[in-house]
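To start, the structure itself, in structure tokens.
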Amino acid sequence: ADVDMFRERMAEKSLPENVQERFEDEIEKFQVLEQGSPEYGTTRNYLDWLTQMPWGQHSQDKLDLKEARRVLNRDHDGLDDIKDRILEFLAEGTFKGEISGSILLLVGPPGVGKTSIGKSVASALGREFYRFSLGGMRDEAEIKGHRRTYIGAMPGKFVQALKEVGTNNPVIMLDEIDKIGNSFMGDPASALLESLDPEQNSEFLDHYLDLRIDLSKVLFICTANQLDTIPQALLDRMDTIRLSGYITDEKVDIAKHHLLPKLLKRAGLKKKQLDITDGAIRQVVEGYAREAGVRNLEKQLHKIVRKGIVRMVESEEAEQSPIRVGVKDLPDYLGQPWFRKEKALRGVGVVTGLAWTAMGGATMGVEASRIHSQNRGFTLTGQLGDVMKESASIAHSFVSSHLKQYKGDPEFFDQSYIHLHVPEGATPKDGPSAGVTMATALLSLARNEAPHRTLAMTGELTLTGQVLAVGGIREKVIAARRQKINTLILPEANRGDYEELPDYLKEGMEVHFAKEYTDVYRVCF
Ligand code: ATP
Ligand code: MG
């Protein structure tokens, strides 16, 4: 009966010659095997996989750009430039008549919509969608399968994906491609290249099936939080699209149009039964969920919905009485806000910098303090990486040797044991971009004077006081906006990056560009 079932499955498919041959061989073998023998089981298992693969079965692409735009807009607020990039990508495919031969990489902090964009692309194309994570994957066999002789052998993820979706041209999303690391057995980059690279993947070899499989019709979309840890050979073959995180207004829109309706629907509630005011939504964003993405925002809203339901159920009054959640009610639902309204930190020796990590942009206070005045000295804390430690020494040397020019007591550092700290010690930080911030904190300490205005800055500082370009300008501007800081100092060399930003990010910002430290000094003191 099994044999009939296998034959039936294969009848509907158009088999490549090698598959046809293999199938006949295995069936022949299978028929003479004794039921209950170990080999019977493994052969049956093999045939089961082989016959469930979507040989020659694919879905017809809907190459309709208008429709694609509609789907992307339906599922996402904001992200205009990302949508444009995706549409350009699809347009290219439309022109060629098929989407093939490219790998998209969506990179950005957690919860900014990477997975969600990927799903929309699949849905716009009318393709099946399959997603798996490379994070925590430790064995090449998870990608390429185990040889059949292994006990409990399984095909690799790509074969599993094709079987699951039933077509040979799905969208396959590989999450966390930046987390695939050295703990991996075998060579991750080459295993992945073999499957993703359009030059190689029409002949992808799965060890379990022991057949060459054509993956060239698959559209691969990878996601990552950062580029640094992605093997270069892979990176070279991908089209990178960067998602940088949301400002408050965007998050409020996303909450209203997407997150909340989804949560209410899941809870079986109507909008009028649980009414969270616009003001309250804004306060949730500002007081409880200030990170780059919206995942934590979703969590907080979920909490409100859950507690709202409890209240509804417990209320004495008629069942129908709707619950209204305003700004004043939030502490009841979520506790005290984690973030207060305060803007940038400012005080003697305290300056706000702008940082950029895999979690998105962030503001980062830098504190300098004089521990005692017995001797000259310098100590650093806050989990700083090597490059950042170097910037700190540069800042210290630069400020010590330029005190006269910047109106501080020229002897101040000769008799000062200085401690420089970058709070949130639990987050590792690195890179040279805090140079000007650290120098300003030290100068402020030496002058015993807080910077004159509330602002945030970023820029690499050289020993001679030049201010050099840094990365992540967009992420940093977004982070500053989220903290309601609207005066920034950026390196002159990043002027172009800043000017390229969309208007809604630049609106209301006062930006000073610094070529050398004196430019920073003039704005601050
Ligand atoms: P991670 O790196 O953690 O995988 P991600 O970038 O893949 O994060 P998603 O899972 O796509 O994030 O997004 C988190 C949630 O926020 C989803 O419910 C998604 O639909 C929603 N979301 C994110 N961005 C938007 C947006 N621009 N419009 C509407 N909803 C959004
Ligand atoms: Mg994701």
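FYI, it's all coordinate maths here, none of it is from the lab. All figures in this text were calculated on a predicted structure; none of them were measured in a lab. So basically every Cβ, Gly included, is an ideal-geometry build from the backbone, and we count neighbours across all protein chains shown.
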Computed on Cα atoms only, the convex hull of the range 136-226 has an orientation-averaged projected area in nm² of 5.9
Per the helix-only model, the chain has a calculated mean residue ellipticity at 222 nm (DSSP H runs of ≥4, -39500 (n - 2.57) each, divided over all residues, rounded to the nearest 500) of -12000 deg cm²/dmol
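Provide LEU263, LEU192 in ascending order of the number of other Cβ atoms located within 10 Å of each residue's Cβ, fewest first.
LEU263, LEU192
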FRET efficiency (ALA189, TYR150; Cβ distance; R0 35 Å; to 0.05) is 0.90
Per the C-alpha gyration tensor (a ≥ b ≥ c, the square roots of its eigenvalues), the chain is rounded if a/c is under 1.5, else prolate if a/b beats b/c, else oblate; here it's prolate
Of the range 343-382, those with amide N under 15 Å from the point 7 Å along the Cα→Cβ vector of ARG453 are 344, 352
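List, in the order given, every pair from LYS66/LYS272; LYS251/LYS328; LYS163/LYS299 whose Cα-Cα distance in the structure shown is over 31 Å.
Going by Cα-Cα distance, LYS66/LYS272; LYS163/LYS299 fall outside the 31 Å limit.
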From fewest to most C-beta neighbours within 10 Å, the residues SER433, SER321, SER416 line up as SER321, SER416, SER433
For the pair GLU424 and LYS307, the simple spin-label estimate (label points 7 Å beyond Cα toward Cβ) gives in nm 2.4
So for the range 206-355, using the alpha carbon gyration tensor with a ≥ b ≥ c as root eigenvalues (a/c under 1.5 gives rounded; past that, a/b versus b/c decides prolate or oblate), I'd call it oblate
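Using mean Cβ contacts within 10 Å as the protection proxy, how do 498-504, 485-491, 24-30, 168-174 order, highest first?
Packing proxy ranking, top to bottom: 168-174, 485-491, 24-30, 498-504.
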With label points set 7 Å from each Cα along the Cα-to-Cβ direction at HIS58 and ARG74, the distance between them in nm comes to 2.5
Loop-resident GluC sites (Glu not before Pro) in the range 354-423 with no more than 13 other Cβ atoms inside 10 Å, DSSP not H/G/I/E/B, are GLU411
With +1 on the Cβ of every Lys and Arg and -1 on the Cβ of every Asp and Glu, the dipole magnitude of the chain about its Cα centre, in debye rounded to the nearest 20, is 2440
Sparse-neighbourhood loop hits (chymotrypsin sites (Phe, Trp or Tyr not before Pro), the range 266-339; DSSP loop; Cβ within 10 Å at most 13 others) -> TRP338, PHE339
By Cβ neighbour count within 10 Å, fewest first, ILE281, ILE323 rank ILE323, ILE281
